[in-house]
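Below: one structure, written as structure tokens.
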Amino acid sequence: FQKYVHSYFIESDLCRICYQKNRGYPGDFSMMELIWLGRTDPIRFRYRGTSQIGELLNAFTLDSANCRANEARIHYFIQQITARNRMKIASIGAGSAIELRLALTQQPHCFGQADLLDQDFGGYQSLSAQLTSTQQGKFHYYPGNVFRTVLATNDDQYELMYSAGLFDYLDAKTSCRLISRLWRKLVSGGELIITNVRPGNPTRLWMEYGAEWYLDYKDEQQLYLLATLIEESVGGNVRSVVHKDTYGVYQYLHLQKPG
């Protein structure tokens with residue numbers, strides 16, 4: 001692949017950015033925004049490249065299962081956010097929080113406050129640039145390692161906590177540690193939603209061969225095992241259910257605190 005295809009691969013704007021990882025890590029907010037714009041504003045962003053082949057590869061990549069699933073994931077979380085009015089929400093590994101911005105635009109009173117936890121301040125800057133001053137007041141940003149920042153947030157607890165992509169880069173042991181910390185911040189009846197890529201991801205080879213973009217894949221059984229480990233850790237019942245998308249890419253683990 002590197003010898004015969006890669007020189008064409010990086011002529012696509014999206015593929016090149018995914019490969020170069022300009023912010024120093026895979027899956028950063030600028031990549032996610034390019035995928036969202038390419039899927040939702042195709043006239044301006046679908047055919048972006050330094051050559052005609054690059055433009056076609058850009059469109060091909062945006063039509064892949066992974067990019068379709070990324071668009072669907074944003075809509076999925078918009079539905080979760082707007083399903084009922086919540087006082088406090090936390091997004092773990094928030095990036096530029098596209099789903100929160102859109103949810104707030106669609107339903108201005110769907111939440112009172114959203115705390116964003118992420119290592120990259122650029123995502124918060126991108127979000128803020130697209131909000132009115134009134135909307136900006138609803139967001140609080142906690143920079144740095146999420147294991148520390150989740151404990152640094154104020155003493156109030158959350159009705160909804162979710163992570164749209166962070167757990168794709170965490171092994172099972174680390175995932176369990178982080179879930180245990182997040183669990184303490186949930187109110188009774190509160191919900192934690194975790195996204196993780198399925199091992200059968202149809203776009204996996206394109207991502208790995210072309211962009212050297214590697215994820216920690218977990219199957220449905222492994223996600224339910226995380227729920228079991230949390231039950232053992234907290235010593236109580238945890239209501240758990242896994243939803244799968246229609247693209248064979250993402251699965252969503254819902255964990256609800258009793259109450």
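With respect to the stated conditions, I81 fails to be in contact with a Phe, Trp or Tyr (Cβ under 8 Å, 6 or more places away or on another chain), at pLDDT 95 or above, open to solvent by 50 Å² or more (accessible area, probe 1.4 Å) and not acidic (D, E). Only a single item in (1) crowded, with 20+ Cβ neighbours inside 10 Å; (2) of a type in the set (V, I, T); (3) more than 30 Å from I194 (Cα to Cα) is not met by T61, and it is number (3).
Being within 14 Å of the chain's Cα centre (by Cα) and either closer than 18 Å to E71 by Cβ or in contact (Cβ under 8 Å) with a residue 60 or more places away in the chain (or both) is a description that applies to G95. Of all residues in the stretch 88-144, those satisfying the criterion of being open to solvent by 10 Å² or more (accessible area, probe 1.4 Å), more than 16 Å from S163 (Cα to Cα) and in a loop (DSSP other than H, G, I, E, B) are Q107, P108, H109, A129, Q130, L131, T132, G137, K138.
Filter the stretch 206-233 down to the residues that are more than 20 Å from D171 (Cα to Cα) and open to solvent by 50 Å² or more (accessible area, probe 1.4 Å) and list them by number.
Of everything in the stretch 206-233, those that are more than 20 Å from D171 (Cα to Cα) and open to solvent by 50 Å² or more (accessible area, probe 1.4 Å) turn out to be W206, Y209.
Looking across the stretch 1-18, the residues that are assigned to a helix (DSSP H, G or I) and crowded, with 18+ Cβ neighbours inside 10 Å come down to F9, D13, L14, C15, R16, I17, C18.
Taking the criterion of being within 22 Å of Q79 (Cα to Cα), open to solvent by 10 Å² or more (accessible area, probe 1.4 Å) and either assigned to a helix (DSSP H, G or I) or in contact with a Leu (Cβ under 7 Å, 6 or more places away or on another chain) (or both), the residues of the stretch 155-182 that qualify are Q157, L166.
Look at D245 and say whether it is touching a Lys or Arg at 6+ places or on another chain (Cβ under 8 Å) and within 30 Å of Y8 (Cβ to Cβ). It is true that D245 is touching a Lys or Arg at 6+ places or on another chain (Cβ under 8 Å) and within 30 Å of Y8 (Cβ to Cβ).
When Y76 is tested against (1) part of a helix (DSSP H, G or I); (2) surrounded by fewer than 19 Cβ atoms within 10 Å (Cβ to Cβ), just one condition goes unmet, and that condition is (2).
Selection within the stretch 183-205: residues that are more than 14 Å from Y252 (Cα to Cα) and β-branched (V, I, T). The member of this set that is most open to solvent (accessible area, probe 1.4 Å) is V187.
Filtering the stretch 234-259 to residues that are in a loop (DSSP other than H, G, I, E, B) and either open to solvent by 60 Å² or more (accessible area, probe 1.4 Å) or closer than 16 Å to N70 by Cα (or both) leaves G235, N237, D245, T246, Y247, G248, V249, P258, G259.
Looking only at the stretch 19-54, filter to residues that are open to solvent by less than 30 Å² (accessible area, probe 1.4 Å) and touching a Cys at 6+ places or on another chain (Cβ under 9 Å); which one of those is farthest from L127 (Cα to Cα)?
So the residue we want is G54.
The values are calculated or read from the model by the stated rules, or taken from the named source; none is laboratory data. Please read these numbers as outputs of a predicted model, since none were measured by experiment. We place every Cβ from the backbone using ideal geometry, glycine too, and count neighbours over all the protein chains shown. Just so you know, the surface numbers come from the protein's heavy atoms only, side chains and all, with ligands and any DNA or RNA stripped out. Shrake-Rupley method; radii C 1.70, N 1.55, O 1.52, S 1.80 Å.
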